[in-house]
Structures are given as C-alpha cells and as structure tokens.
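Scroll down for the structure; my scribbles are underneath it.
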Amino acid sequence: MKSFVEVTTNPIHPEYKDVSTPGTEFPFHPWLASKVREKLGREDLRLQLSEISCEEPSCPVTETRIEVIDTNSGKTVSFLRFGRKKEQINKLDLELSLRKSRNL
C-alpha cells in the first residue's frame, strides 16, 4: 500500500491592521476606501483591513483582506480579498475582488 505524504501548512498571522470609518481613507492608499464604498453604493460602511502573511520570514505570500461592515447593524456586508500587499492594490484588483465576492 502506498504511503500518504503529509502536507503541512504554515500558520498565518496579521502583519498590519487598520480601520477606515465612513468618510475616511486608509493612510497608505489615496482612494481604496472611497472606491470600495462607491462600488458598494454606500458611504456609511466601516472597512477593517488586515494584511496577512505566513509565519516564515522567507514566505512571499501576502494577502490583503477587507471586511466591509454596516455601521448601523454591525454585520459584515462583504469580505474582499486581494493577493497583493495593501499599497499595491489597483482598480482592476478591486473590480475582480468585488466580482468574486458577489459570486460566492
């Protein structure tokens, strides 16, 4: 009988966290927060951003996640994921992430 190969995954941890309240931008990106709100059609959303990477310093994997929260109910409206560092997110990345979140 063939033996199975054990695959281990590296744990992930947040490298950076930030919150954008309604009417504000993230300090590292000039338009990201306002574009997310514009595309979702609501200016009253709070955005919680976290940049994630794996535990090993040599690991190149970085993902940026934005949790979109309704300020009235406190519920998550949408969850956006980007396979880039937070400063490198462009308009095409935003459009693709929004499309993907709508299809889930």
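Taken together, the values in this text are just the output of simple stated rules run on the coordinates, not laboratory data. Predicted model only: the values in this text are computed from it and were never measured. All Cβ positions, glycine included, derive from the backbone under ideal geometry; neighbour counts span all protein chains shown.
Would you mind calculating the relative contact order of segment 12-103 from Cα pairs under 8 angstrom and at least 6 residues apart, reporting the percent as a whole number?
Across segment 12-103, relative contact order equals 23 percent.
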Work out, step by step, the length gained on full extension between GLU15 and ARG42: first 0.36 nm times the residue separation, then minus their alpha carbon distance; give nm to one decimal.
-> 6.9 nm
Cα pair distances of segment 12-103 binned at 5 Å [whole percent] | 3, 14, 25, 26, 18, 9, 3, 1, 0
Taking amide H positions as placed 1.01 Å from N in the peptide plane, with prolines and chain starts having none, which residues 5 or more places from GLU15, or on another chain, fall under 5 Å of its amide H?
-> GLU51, ILE52, SER53
Simple spin-label estimate for SER73 and GLU87 in nanometres, 7 Å along Cα-Cβ | 3.7
Once both labels are modelled 7 Å past Cα along the beta-carbon direction, what's the LYS100-SER58 spacing in nm?
-> 2.7
